[in-house]
Amino acid sequence: MKVVTRAVVRFLPLPAALLVALGAGVRPAAGVTDHAGATTPAAADGLASARAFARRLLANGRAAATIERRALDPVTGLARSARGRLTLELPDRALLEFPATGERIALRSDGGEWLQPALQQMLRLGPRSAAAGLRWWELLLPGDGSRFVERALSARRYAVVSPSTEDFAADTAWVSLDAQGLPAELEYRDSSDSRVSYRFSGWRFQRPRGRSSFLLVPPEGVRVVELP
């Protein structure tokens with residue numbers, strides 16, 4: 001399994017949340033300067049940084065946005081950008097799609113799939129790997145905010161800390177909001193201490209389509225690799 005993981009990390013510009021899921025690790029949180037208040041657990045109605053988004057998602061059931069992922073390529077050291085689409089659906093589903101490469105990542109609390117056309121393979125994620133990959137997307141999902149603590153850095157920017165667990169050291173994401181209070185950018189540092197950012201635009205809220213739209217089936221000729 002480790003051999004497959006290293007090949008994936010080396011050759012594909014992938015979401016850092018899934019690098020966590022596959023054991024690439026994350027950078028432990030450094031001290032965050034608090035400009036607007038002390039670190040506090042999430043309120044009963046969720047993280048302040050996700051409150052407006054959570055209300056819209058609860059009212060509709062499904063949210064989708066255009067995304068732009070920016071990060072340094074680990075091989076060349078050059079900045080790389082990839083455009084795609086993020087879909088979130090209650091209660092625990094996330095789907096990342098990158099049309100330029102055909103890469104698709106479906107995550108659910110009970111598992112998920114990671115289709116990698118460039119490698120002609122699909123990773124089938126068990127509950128443990130999928131839960132790790134969902135970690136930063138969970139801060140946007142209603143009901144999961146109590147697992148994080150956050151600091152308000154300004155009126156529209158927050159530092160959100162994921163507490164330590166047996167599998168992961170605590171680390172920090174930075175969330176910026178747009179004028180409507182919806183997520184505009186999510187940033188964190190990967191295992192090489194490089195900052196990875198997702199920029200969101202064009203949020204749309206719709207009726208849910210169900211679990212089947214978050215279930216990937218491998219095309220003919222694609223090798224399937226099982227992960228825990």
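For (1) modelled with pLDDT under 55; (2) of a type outside the set (A, V, I, L, M); (3) out of contact with any Lys or Arg (no Cβ under 9 Å at 6 or more places or on another chain), each residue gets a yes or a no:
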residue	(1), (2), (3)
Ala48	no, no, yes
Leu58	no, no, yes
Thr66	no, yes, no
Ala79	no, no, no
Gly84	no, yes, no
Asp92	no, yes, no
Inset, instruction - Working only within segment 132-157, note down all residues that are assigned to a loop (DSSP other than H, G, I, E, B) and either of a type in the set (Asp, Glu) or closer than 21 Å to Pro91 by Cα (or both). - result: Leu134, Leu139, Leu140, Leu141, Pro142, Gly143, Asp144, Phe148
Inset, instruction - May I ask you to list the residues in segment 73-101 that are open to solvent by 80 Å² or more (accessible area, probe 1.4 Å), aliphatic (A, V, I, L, M) and in contact with a helix residue (DSSP H, G or I) (Cβ under 9 Å, 6 or more places away or on another chain)? - result: Val75
Legend entry - Exclusive hit being under 29 Å from Val75 (Cα atoms), assigned to a loop (DSSP other than H, G, I, E, B) and either at pLDDT below 80 or hydroxyl-bearing (Ser, Thr, Tyr) (or both), set Ser164, Ser197, Ser129, Ser192: Ser192
Inset, instruction - Go through segment 172-209 and give me each residue that's open to solvent by 10 Å² or more (accessible area, probe 1.4 Å), free of Cβ contacts under 8 Å to residues at least 40 places away in the same chain and closer than 18 Å to Glu138 by Cα. - result: Trp174, Ser176, Ala184, Glu185, Glu187
Legend entry - Candidates Ser109, Ser129 - the one that is closer than 19 Å to Pro228 by Cβ, surrounded by fewer than 17 Cβ atoms within 10 Å (Cβ to Cβ) and not acidic (Asp, Glu): Ser109
Legend entry - Failed item in (1) within 15 Å of Arg135 (Cα to Cα); (2) modelled with pLDDT under 90; (3) open to solvent by 60 Å² or more (accessible area, probe 1.4 Å), with Gly31 passing the rest: (1)
Legend entry - Only listed residue being open to solvent by 50 Å² or more (accessible area, probe 1.4 Å), within 14 Å of Leu215 (Cβ to Cβ), touching a residue at least 40 places away in the same chain (Cβ under 8 Å) and not in a helix (DSSP H, G or I), chosen from Arg124, Arg70: Arg124
Inset, instruction - With respect to Arg55, determine if the residue is free of Cβ contacts under 8 Å to residues at least 40 places away in the same chain, surrounded by fewer than 17 Cβ atoms within 10 Å (Cβ to Cβ), of a type outside the set (Gly, Ala, Ser) and farther than 20 Å from Val196 by Cβ. - result: yes
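The values are calculated or read from the model by the stated rules, or taken from the named source; none is laboratory data. Since the structure is predicted, the reported quantities are computational estimates derived from the model, not experimental observations. Methodologically, a virtual Cβ is constructed for each residue, glycine included, from the backbone with ideal geometry; neighbour enumeration extends over all protein chains shown. Heavy atoms of the whole protein, side chains included, go into the accessibility calculation; ligands, DNA and RNA do not. Shrake-Rupley method; radii C 1.70, N 1.55, O 1.52, S 1.80 Å.
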